[in-house]
1. Whole percent per 10 Å bin, from 0 to the bin with the longest distance: what is P(r) over all C-alpha pairs of region 171-301?
2. Compute the length gained on full extension between Glu196 and Ser148: take 0.36 nm times their separation in residues and subtract their Cα-Cα distance, giving the result in nm to one decimal.
3. Which value, in debye to the nearest 20, gives the size of the charge dipole of region 119-212 about its Cα centre, when Lys and Arg are +1 and Asp and Glu are -1 at the Cβ?
4. For every other residue with a beta carbon closer than 11 angstrom to the beta carbon of Ile37, add +1 if it is Lys or Arg and -1 if Asp or Glu, then tell me the sum.
5. Taking Cα atoms, how many degrees apart are the long axis of helix 130-144 and the longest axis of the chain, rounded to 10 and kept between 0 and 90?
6. Compute the signed sum of charges (Lys and Arg +1, Asp and Glu -1) over the other residues within less than 15 Å, Cβ to Cβ, of Gln24.
7. Rounded to the nearest 20 Debye, what is the dipole magnitude of the chain about its Cα centre when Lys and Arg each give +1 and Asp and Glu each give -1 at the C-beta?
8. Spelling out what I want: for every residue of region 283-292, take phi, set θ = phi - 60°, compute 6.51 cos²θ - 1.76 cosθ + 1.60 (Karplus), and round to whole Hz; glycine and proline get x.
Amino acid sequence: MKHLLKLLDLSGEEIEEILNLGDQLKYEHRHGIAHPILAGKTLGMIFQKSSTRTRVSFEVGMYQLGGQALFLSSRDLQIGRGEPVQDTARVLSRYLDGIMIRTFEQAEVESLAEYGSIPIINGLTDFCHPCQVLADLMTVREKKGSLSGLTLTFIGDGNNMANSLIVGGLKTGMNVRVACPEGYDPDPRVLEFAKEYAGHFWLLRDVEKAAAGADVLYTDVWASMGQEGEAEKRKAAFAGWQIGDRALAAAKSDAMVLHCLPAHRGEEITEAVFEAHADEIFEEAENRLHAQKAVMVKLMK
Ligand code: CP
Ligand code: NVA
């Protein structure tokens with residue numbers, strides 16, 4: 001594993017290895033055991049979109065691993081004025097030991113990896129959010145003991161989160177169901193991948209059918225970053241496609257509820273369900289730190 005560009009590139013075993021290391025680093029951190037594995041190394045973090053969790057967890061994670069992180073807003077970089085990503089990749093490869101990038105186009109992340117000579121980590125694109133799903137799988141495994149055979153149901157927009165959850169869930173042996181309105185399906189490349197998992201993947205048009213007997217319910221915002229102009233149209237299209245009492249009643253009685261955050265209460269999740277499952281949701285947010293430290297160790301050590 002040279003980069004983390006998308007979960008489609010990883011095997012189920014590689015995903016499990018990251019989760020195992022994430023668990024170990026979490027244990028060590030909780031017990032005050034220092035692990036300066038990346039001492040002297042520097043991670044550059046390029047952001048073309050806003051972030052709370054990704055920015056802070058990568059920066060703190062790098063610090064805990066003995067290295068340092070540089071926050072590079074695309075507004076300040078020459079990339080924001082049109083310097084080609086191919087040149088940026090070759091320049092930054094001479095200063096840094098790794099790059100985490102959050103941007104719009106998946107192709108930009110793939111280009112950085114192609115032209116640069118250091119590990120590239122995808123911190124969210126319009127296509128996928130692999131770091132988030134590693135933390136999500138870690139959270140489910142912590143609570144449920146294992147992933148294989150569990151049913152994860154995603155309700156809402158077939159966006160970057162849905163794409164990564166389908167791939168990560170299926171590769172680790174989960175059954176994955178997606179409930180979304182027509183016109184908002186997951187990416188065709190992901191649906192093509194899911195065809196290999198007949199009997200383990202379902203795309204449904206009914207929230208309750210999708211949630212029936214689920215072990216994990218997951219949702220995300222109806223309008224992602226970059227889609228702010230469509231927010232009103234999307235509110236109408238997604239009305240009812242939420243995790244609320246109906247979805248929860250259909251799921252297993254001990255079902256977990258996860259959300260990558262930020263959450264819009266009253267839209268994709270009700271206030272009551274969010275607060276009832278807040279412990280799980282914020283554990284999930286914490287696990288971004290541990291899972292990403294594992295990714296950085298795997299790629300940058
Ligand atoms: N879930 C997530 O990636 O959060 P941020 O947008 O705050 O980084
Ligand atoms: N789908 C959301 C996820 C944010 C972490 C977005 O892309 O804005």
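Where a number appears in this text, it was derived from the coordinates with a stated rule and is not lab data. None of the values given here were measured: they were computed from a predicted structure. Cβ placement follows ideal geometry from the backbone for every residue including glycine, while neighbour counts extend to all protein chains displayed.
1. With a bin width of 10 Å, the distribution comes to 11, 36, 38, 14, 1.
2. Contour length minus the Cα-Cα distance gives 15.6 nm.
3. With Lys and Arg at +1 and Asp and Glu at -1, about 380 debye.
4. +3
5. Taking the Cα atoms of the chain, the angle to 130-144 is about 60 degrees.
6. Local net charge: +1.
7. So the dipole magnitude of the chain works out to roughly 580 debye.
8. In residue order, the calculated couplings are 5, 4, 5, 4, 5, 3, 4, 5, 5, 6 Hz.
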